[in-house]
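Peer 1: Pasting a structure here, questions to come.
Just so it is clear, none of the values below were taken in a lab; they were calculated from the coordinates. Small disclaimer: the values here were computed from a predicted structure and weren't measured. With ideal geometry, Cβ positions are generated from the backbone for all residues, glycine too; neighbour counts draw on all protein chains shown.
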Amino acid sequence: MKKKVLVTGGAGFLGSHLCERLLSEGDDVICVDNFFTGSKENIAHLMGNPFFEVLRHDVTFPLYIEVDQIYNLACPASPIHYQFDPVQTTKTSVHGAINMLGLAKRTKARILQASTSEVYGDPELHPQPESYWGKVNPIGIRSCYDEGKRCAETLFFDYYRQHKVDIRVARIFNTYGPRMNVCDGRVVSNFVVQALQEKDITLYGDGSQTRSFCYVDDLIEGLVRLMNTENLTGPVNLGSCGEFTMRELAEKVVAIAGSNSGITFEPLPMDDPKQRRPDITLAMEKLAWEPAIALDAGLNKTIEYFKKYLANPESLSGS
Ligand code: NAD
Ligand code: UDP
């Protein structure tokens, strides 16, 4: 019997890659999305598959369907998008978690939450292990996302303890790759698009802040392994250990793209974390997982994607 798997946020960047992966494994996939940051183009190449189904639905409202597994990815992930309607962002994380956990409870489905390294805020401990409780501003402009995701984790663990729901929590660190929205606003897509258009690279602050970038295929592998591992609720960090300053990233992107872009400095947004790198010991031990794709190789694939996209935005479904 095919597993019926629900992917919320399935038309987004990570969600579309996950739907594709699950279909390739023979699952029956239901993609739920309200298309706030996701797009039909991201999943157009899956539409002909009889085991792929799309539902336009907002996870802040209850959903009554029958499923075996749920990946809960619905939530805008880019600061400019999650800050556009911050009340809806918190609702998406919190009401969305309550609704999807309710669905999991009723159907006895296993449910995985796409949590985030943002639960660590602007961390004082480096690299960040899962045991670190974080340093998060509860009233800043990033709080709708950070605190929404923290509250969602609380709900997951309360449903686990109180209602015995079978949960998995992944804390995802910065992930990049093809099908990021060209207007996404996150650093890798911004820099790549700017480099390809020979526009100045927008470096926020002095560019000394760090992030660790995981290529999308590696991340999807980690999510699927976590979902299918027994007796492991998490939280489990999933991300790359290669840490780069934003200035280093800008220089790398310009070099790989063969671009003549210069750099322009813009103000550092409020509460922008100064450093971030996951401790992935737990994922290595319990999931036998670590990223396999180095930043240069991943950037190459991403640059190729955006090159084709910018040349012909209609042409790229499935890339
Ligand atoms: P994305 O913005 O491309 O995808 C999010 C998807 O959720 C979109 O398709 C959007 O339309 C949909 N969505 C938003 N609100 C919704 C709602 N109320 N109801 C239904 N659908 C809704 O972002 P992404 O990078 O693919 O991120 C996917 C998930 O992974 C998010 O939950 C995000 O917080 C988490 N995450 C991503 C990263 C990363 O680096 N990509 C890092 C940490 C966590
Ligand atoms: N950033 C930047 N220029 C951009 C976009 C982002 O310098 O055009 C910086 C941003 O200030 C942050 C880092 O890149 O320090 C990563 O930003 P992103 O929005 O991708 O992710 P997050 O801050 O959520 O990790």
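Peer 1: Have a look at Tyr132, Tyr215, Tyr82 and tell me which one the Gaussian network model of the chain (Cα, springs below 10 Å) gives the largest fluctuation.
Peer 2: The residue with the greatest mean-square fluctuation here is Tyr132.
Peer 1: Next question. Assuming 0.36 nm per residue, please report the length gained on full extension of the stretch Ala297 to Cys241 beyond their Cα-Cα distance.
Peer 2: Gain in length upon complete extension: 18.6 nm.
Peer 1: Per Stokes-Einstein, at 20 °C and 1.002 mPa s, what whole-number D in µm² s⁻¹ belongs to the range 181-227, with the Kirkwood radius over Cα pairs as the hydrodynamic radius?
Peer 2: Roughly 168 µm²/s, to the nearest whole number.
Peer 1: While we're looking at this one, here's another question. Using modelled amide H (1.01 Å from N, peptide plane; none on Pro or chain starts), what sits under 5 Å from the amide H of Ala170, excluding residues fewer than 5 places away?
Peer 2: Gln113, Ser115, Val236
Peer 1: Among the GluC sites (Glu not before Pro) in the range 103-178, which ones are in a DSSP loop with at most 15 other Cβ atoms within 10 Å of the Cβ? Mind listing them? Working shown, then result.
Peer 2: On the way: sites: Glu118, Glu124, Glu130, Glu147, Glu153; in loops: Glu124, Glu130.
Passing sites in the range 103-178 are Glu124.
Peer 1: Quick one: helix 246-257 against the long Cα principal axis of the chain, what's the angle to the nearest 10°, folded into 0 to 90?
Peer 2: The answer is roughly 80 degrees.
Peer 1: Given that compact globular proteins tend to follow 2.2 N^0.38 Å, what is the ratio of the alpha-carbon Rg of the chain to that value?
Peer 2: In units of the 2.2 N^0.38 Å rule of thumb, it is 0.95.
Peer 1: For Cys214, list long-range residues whose amide hydrogen, built 1.01 Å from N in the peptide plane, is under 5 Å from its own amide hydrogen.
Peer 2: So Cys214 has HN proximity to Thr175, Tyr176, Ser240.
Peer 1: Cα axis of helix 187-196 to longest principal axis of the chain: angle in degrees, 0 to 90, nearest 10?
Peer 2: 40 degrees
Peer 1: Let me ask something else about it. What are the lysines whose alpha-carbon lies under 22 Å from the alpha-carbon of Lys105, with same-chain residues fewer than 8 places away excluded?
Peer 2: Straight-distance partners of Lys105: Lys2, Lys3, Lys4, Lys91, Lys149, Lys164.
Peer 1: With the Cα gyration tensor of the range 154-289 giving a ≥ b ≥ c as the square roots of its eigenvalues, does the rule (a/c under 1.5 for rounded; else a/b larger than b/c for prolate; else oblate) give rounded, prolate or oblate?
Peer 2: Values: a/c = 2.59, a/b = 2.20, b/c = 1.18.
Prolate, since a/c reaches 1.5 and a/b exceeds b/c.
Peer 1: Follow-up question, since we're still on this one. At what distance in angstrom do the alpha carbon centres of the range 112-157 and the range 284-308 lie from each other?
Peer 2: Cα centroid of the range 112-157 versus Cα centroid of the range 284-308: 24 Å apart.
Peer 1: Okay, next question. Percent antiparallel among DSSP beta bridges with both residues in the chain, to the nearest 5?
Peer 2: Numbers: 3 of 38 bridges.
If I count the DSSP bridges inside the chain, around 10 percent turn out antiparallel.
Peer 1: Nearest 500 deg cm²/dmol is fine: what mean residue ellipticity at 222 nm does the chain get from its DSSP H runs of n ≥ 4 alone, each adding -39,500 (n - 2.57), divided by its residue count? List each step's numbers first, then the result.
Peer 2: Numbers: 10 runs with 121 residues, N = 319.
Mean residue ellipticity at 222 nm (helix-derived): -12000 deg cm²/dmol.
Peer 1: Measure nothing fancy, just the Cα-based angle from helix 13-24's long axis to the longest principal axis of the chain, in degrees from 0 to 90, nearest 10.
Peer 2: Here the helix axis deviates by roughly 50 degrees.
Peer 1: Output the peptides 164-172, 233-241 sorted from most to least packed, where packing is the average of other Cβ atoms within 10 Å over each peptide's residues.
Peer 2: 233-241, 164-172
Peer 1: Another question, then. Viscosity 0.890 mPa s, temperature 25 °C: what is the translational diffusion coefficient of the range 39-115 from Stokes-Einstein with a Kirkwood Rh over Cα pairs, rounded to a whole number of µm²/s? Can you show the working numbers first?
Peer 2: Working: Rh = 13.8 Å.
This corresponds to a translational diffusion coefficient of 178 µm²/s.
Peer 1: How about the range 213-319: which GluC sites (Glu not before Pro) there lie in a loop by DSSP and see at most 13 other Cβ atoms within 10 Å? Working shown, then result.
Peer 2: Values: sites: Glu221, Glu230, Glu243, Glu248, Glu251, Glu285, Glu304, Glu314; in loops: Glu230.
Here the sparse-neighbourhood loop sites are Glu230.
Peer 1: Looking at the square roots a ≥ b ≥ c of the eigenvalues of the Cα gyration tensor of the range 47-187, which shape do they give, rounded for a/c under 1.5, prolate if a/b is larger than b/c, or oblate? Before the final figure, lay out each step's value.
Peer 2: Values: a/c = 1.70, a/b = 1.23, b/c = 1.38.
Note, shape of the range 47-187 comes out oblate.
Peer 1: I would also like to ask the following. Rank His17, His95, His126 by mean-square fluctuation in a GNM of the chain with C-alpha springs under 10 angstrom and give only the top-ranked residue.
Peer 2: His126
Peer 1: Can you give me the C-alpha center-to-center distance between the range 36-54 and the range 21-35, rounded to a whole angstrom?
Peer 2: 8 Å
Peer 1: Defining a contact as two alpha carbons under 8 Å apart and six or more residues distant in sequence, what relative contact order in percent does the chain show?
Peer 2: It comes to 18 percent, rounded to a whole number.
Peer 1: In whole Hz, with x marking every Gly and Pro, tabulate ³J(HN,Hα) for the range 153-158 from phi via Karplus 6.51 cos²θ - 1.76 cosθ + 1.60, θ = phi - 60°.
Peer 2: 3J(HN,Hα) across the range 153-158, in whole Hz: 4, 4, 4, 4, 6, 6.
Peer 1: Here is a further query. List the trypsin sites (Lys or Arg not before Pro) in the range 184-293 that DSSP assigns to loop (not H, G, I, E or B) and whose Cβ has at most 16 other Cβ atoms within 10 Å. Which are they?
Peer 2: Hits after loop and neighbour filter: Lys199, Lys274.
Peer 1: Whole-Hz ³J(HN,Hα) for each residue in the range 230-242, computed from phi via Karplus 6.51 cos²θ - 1.76 cosθ + 1.60 with θ = phi - 60°, x for glycine and proline: what do you get?
Peer 2: 7, 6, 8, 6, x, x, 10, 6, 10, x, 8, 8, x
Peer 1: Another question, then. Find which of Ala114, Gly207, Leu232 sits farthest along the positive direction of the dipole of the chain, computed with +1 on the beta-carbon of Lys and Arg, -1 on that of Asp and Glu, about the Cα centre.
Peer 2: Projecting each Cα onto the dipole axis, the largest value belongs to Leu232.
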